[in-house]
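Enquirer: Structure below; questions to follow.
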2 protein chains.
Amino acid sequence: MPLCQKYNLKVIEDATEALGSYYTEGFYKGKFAGTIGDIGVYSFNGNKIITTGGGGMIVSNNPDLLKTCKHLSTQAKSNEKMFYHDQIGYNYRLTNMQAALGVAQLEQLESFIQIKKENYFKYKALLNTDNLTILDFRTDIRPNYWFYSLFIKDLKNETKESVIHYLEQHSIQTRPIWGLINDQPPYVTHQTNETSKARFYWEHVLNLPCSSNLSAQDVDYVAKTILSHKGL
Amino acid sequence: MPLCQKYNLKVIEDATEALGSYYTEGFYKGKFAGTIGDIGVYSFNGNKIITTGGGGMIVSNNPDLLKTCKHLSTQAKSNEKMFYHDQIGYNYRLTNMQAALGVAQLEQLESFIQIKKENYFKYKALLNTDNLTILDFRTDIRPNYWFYSLFIKDLKNETKESVIHYLEQHSIQTRPIWGLINDQPPYVTHQTNETSKARFYWEHVLNLPCSSNLSAQDVDYVAKTILSHKGL
């Protein structure tokens, strides 16, 4: 933030998955993810810690920026009754129904985080071998424990696909972390910096079931099934 | 359609406001608006004849076109689990909650049209002077009677704004028809064809209250108030 202020750059903070996470020490102690940049964005997609079925939210301390965001997301009408659009706008707002659901979901955020936290530590205790571990969160924050990333140190004769397939056969859906942007067809011809670490994690990390509805028995079953894999 | 077929052009039929309207005679007798082009689009925005709070629907007889539309509107993932996006996609789908509401709304479409129709003929009978008339629908269709357009033949010393203001002071919200695209700032420098008729109607037409919740008493009050305007 100081660097951006020095060069007069605005920061759009991607907090899409981080709702409820905050710093517990350091310069930003007590600050929530999404409230540090000039603009913060949250996602309420179906897979997020709270959901409105789809959509998200923009926050800012700067009323002018918020006004501009709202203007652009609601068709850029400077005179609503006269249908006068001063820019090319978008139809990107939540419906009122989604917003109502979001308000109710927000009331449950801390209880969802509590469940996520319990399941996180359960996974972490169960999946702790020389070759398998649940990735840590950084220590200077209270994370929202949104999801649980299994790190497979040595894949041996396996691939992430073969492990996903094995678990699928035991009725467990897992996924890799998000694909590298520079592997996506629209961007493959674009300039790419060194991404060998990103590629390593793309191959070696699986995200485990993490719904707020996940029971302790579910976690046991997932961990037991992973440990039953002879090749890991 | 035959002309477009001859030149191999695809027709995207803007039926955003026309859900439920169909031809009652001629070549397209029995065909609904939105089902004639290669692709038809409907809007379920809050002001439409049925609503999902926002959003809309794409229909087509061509499964390949529909597949492409769905692909582009749902982030263009060719492999959902592996997060592989083969094009730059969009997040334009309805939520499942909106879709559920839309299904329930669709069941009420004909009853909404019935109310709209009754209020249309009531307005038409009441607002029928040398200077004021409710615009007709074309005669070869069953319209959905979505809204009621008051045509003011001679504005005399009034403007549409002054009439809107007069009605507003009597707690009646009216609006002009949509503004001309060539009057909108993003397009004012673009090429424009002859639009004098469009401009004439832009100045001379007001859309009257038309909610499906409008009672017969409401229609009476609106008509009576318009007729009480000394300058029309």
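Enquirer: Given the conditions (1) within 10 Å of another protein chain (Cβ to nearest Cβ); (2) in a loop (DSSP other than H, G, I, E, B), report the number of the one that A:ASN61 does not fulfil.
Expert: All conditions are met except number (1).
Enquirer: Quick check on B:THR68: is it β-branched (Val, Ile, Thr) and in a loop (DSSP other than H, G, I, E, B)? Please lay out each step first, then the result.
Expert: Values: β-branched (Val, Ile, Thr): yes; in a loop (DSSP other than H, G, I, E, B): no.
Considered against the rule, which asks whether it is β-branched (Val, Ile, Thr) and in a loop (DSSP other than H, G, I, E, B), B:THR68 comes out as no.
Enquirer: Do the conditions hold for B:LEU101, that is, is it farther than 30 Å from B:GLU203 by Cβ and surrounded by 14 or more Cβ atoms within 10 Å (Cβ to Cβ)?
Expert: On the way: farther than 30 Å from B:GLU203 by Cβ: yes; surrounded by 14 or more Cβ atoms within 10 Å (Cβ to Cβ): yes.
Taking the combined requirement at face value, the residue satisfies it.
Enquirer: Take segment A:41-58 and flag every residue that is assigned to a loop (DSSP other than H, G, I, E, B), hydrophobic (A, V, I, L, M, F, W, C) and away from every other protein chain (no Cβ under 12 Å). Let's see the steps before the verdict.
Expert: Just the residues of segment A:41-58 that are assigned to a loop (DSSP other than H, G, I, E, B), to begin with: A:44-55.
Right, trim to hydrophobic (A, V, I, L, M, F, W, C) and you get A:44, A:49-50.
Residues satisfying the conditions are A:ILE49, A:ILE50.
Enquirer: Could I ask something else about it? Would you mention how many residues in segment A:147-183 are buried (at least 17 other Cβ atoms within 10 Å of the Cβ), among the aliphatic types (A, V, I, L, M) and within 14 Å of chain B (Cβ to nearest Cβ)?
Expert: 4
Enquirer: Given the criterion closer than 15 Å to B:CYS210 by Cα and among the β-branched types (Val, Ile, Thr), identify the matching residue among B:ILE152, B:ILE141, B:ILE181, B:ILE177. Outline the logic, then answer.
Expert: Working: B:ILE152 fails: closer than 15 Å to B:CYS210 by Cα; B:ILE141 fails: closer than 15 Å to B:CYS210 by Cα; B:ILE181 fails: closer than 15 Å to B:CYS210 by Cα.
Going through B:ILE152, B:ILE141, B:ILE181, B:ILE177 in turn, the sole match is B:ILE177.
Enquirer: Find the residue count for segment A:184-232, including only residues that are among the acidic types (Asp, Glu) and open to solvent by less than 50 Å² (accessible area, probe 1.4 Å). Walk me through how you get there before you give the answer.
Expert: From segment A:184-232, those among the acidic types (Asp, Glu) are A:194, A:203, A:218, A:220; that's our starting set.
This time we only want the ones that are open to solvent by less than 50 Å² (accessible area, probe 1.4 Å), so: none.
Number of matching residues: 0.
Enquirer: Further question on the same structure: Counting only residues that are within 13 Å of another protein chain (Cβ to nearest Cβ) and touching a Leu at 6+ places or on another chain (Cβ under 7 Å), how many does segment A:206-225 have?
Expert: So the first thing to find is which residues in segment A:206-225 are within 13 Å of another protein chain (Cβ to nearest Cβ), and the list is A:206-207.
From what's left, touching a Leu at 6+ places or on another chain (Cβ under 7 Å): A:206.
Of the residues in segment A:206-225, 1 are within 13 Å of another protein chain (Cβ to nearest Cβ) and touching a Leu at 6+ places or on another chain (Cβ under 7 Å).
Enquirer: If you don't mind, there's one more thing I want to ask. Inside segment B:1-16, can you point out the residues that are in a loop (DSSP other than H, G, I, E, B) and either among the aliphatic types (A, V, I, L, M) or surrounded by fewer than 17 Cβ atoms within 10 Å (Cβ to Cβ) (or both)? Please lay out each step first, then the result.
Expert: So the first thing to find is which residues in segment B:1-16 are in a loop (DSSP other than H, G, I, E, B), and the list is B:1, B:7-11, B:15-16.
Residues satisfying the conditions are B:MET1, B:TYR7, B:ASN8, B:LEU9, B:LYS10, B:VAL11, B:ALA15.
Enquirer: Could I ask something else about it? Search segment A:17-75 for residues being touching a Lys or Arg at 6+ places or on another chain (Cβ under 9 Å), hydroxyl-bearing (Ser, Thr, Tyr) and buried (at least 19 other Cβ atoms within 10 Å of the Cβ), and hand back the single one that is nearest to B:ARG93 (Cα to Cα).
Expert: Once the filter is applied, the top-ranked residue is A:TYR42.
Enquirer: What residue, among those in segment B:17-32 that are in a loop (DSSP other than H, G, I, E, B) and without any contact (Cβ under 8 Å) to a residue 40 or more places away in the chain, is nearest to B:LEU66 (Cα to Cα)? It would help to see each step written out before you state the result.
Expert: Start the filter on segment B:17-32 by keeping residues that are in a loop (DSSP other than H, G, I, E, B), which leaves B:17-21, B:24-31.
Then keep just the ones that are without any contact (Cβ under 8 Å) to a residue 40 or more places away in the chain; that gives B:27-31.
Values: B:PHE27: 25, B:TYR28: 23, B:LYS29: 25, B:GLY30: 23, B:LYS31: 20 Å.
Once the filter is applied, the top-ranked residue is B:LYS31.
Enquirer: Would you confirm whether or not segment B:80-87 contains a residue that is assigned to a helix (DSSP H, G or I), in contact with a helix residue (DSSP H, G or I) (Cβ under 9 Å, 6 or more places away or on another chain) and facing chain A (nearest Cβ under 7 Å)? Spell out how you get there, then give the answer.
Expert: Step one: filter segment B:80-87 for residues assigned to a helix (DSSP H, G or I), giving none.
Looking through segment B:80-87, none of the residues is assigned to a helix (DSSP H, G or I), in contact with a helix residue (DSSP H, G or I) (Cβ under 9 Å, 6 or more places away or on another chain) and facing chain A (nearest Cβ under 7 Å).
Enquirer: Mind counting the residues in segment B:88-107 that are at the interface with another protein chain (Cβ under 9 Å from one of its Cβ atoms), of a type in the set (A, V, I, L, M, F, W, C), outside any loop (DSSP other than H, G, I, E, B) and free of Cβ contacts under 8 Å to residues at least 40 places away in the same chain?
Expert: 1
Enquirer: Only one residue in A:ILE134, A:ILE152, A:ILE115 is touching a Ser or Thr at 6+ places or on another chain (Cβ under 6 Å) and at pLDDT 95 or above, so which one is that? Write out each step before concluding.
Expert: Details: A:ILE134 fails: touching a Ser or Thr at 6+ places or on another chain (Cβ under 6 Å); A:ILE152 fails: touching a Ser or Thr at 6+ places or on another chain (Cβ under 6 Å).
Result of the check over A:ILE134, A:ILE152, A:ILE115: A:ILE115.
Enquirer: Please go through segment A:106-129 and pick out each residue that is open to solvent by 30 Å² or more (accessible area, probe 1.4 Å) and of a type in the set (S, T, N, Q).
Expert: A:GLN108, A:SER111, A:GLN114, A:ASN128, A:THR129
The values are calculated or read from the model by the stated rules, or taken from the named source; none is laboratory data. Since the model is a prediction, treat every value here as computed from it, not as a measurement. All Cβ positions, glycine included, derive from the backbone under ideal geometry; neighbour counts span all protein chains shown. Keep in mind that these areas ignore ligands, DNA and RNA; they rest on the heavy atoms of the full protein, side chains included. Shrake-Rupley method; radii C 1.70, N 1.55, O 1.52, S 1.80 Å.
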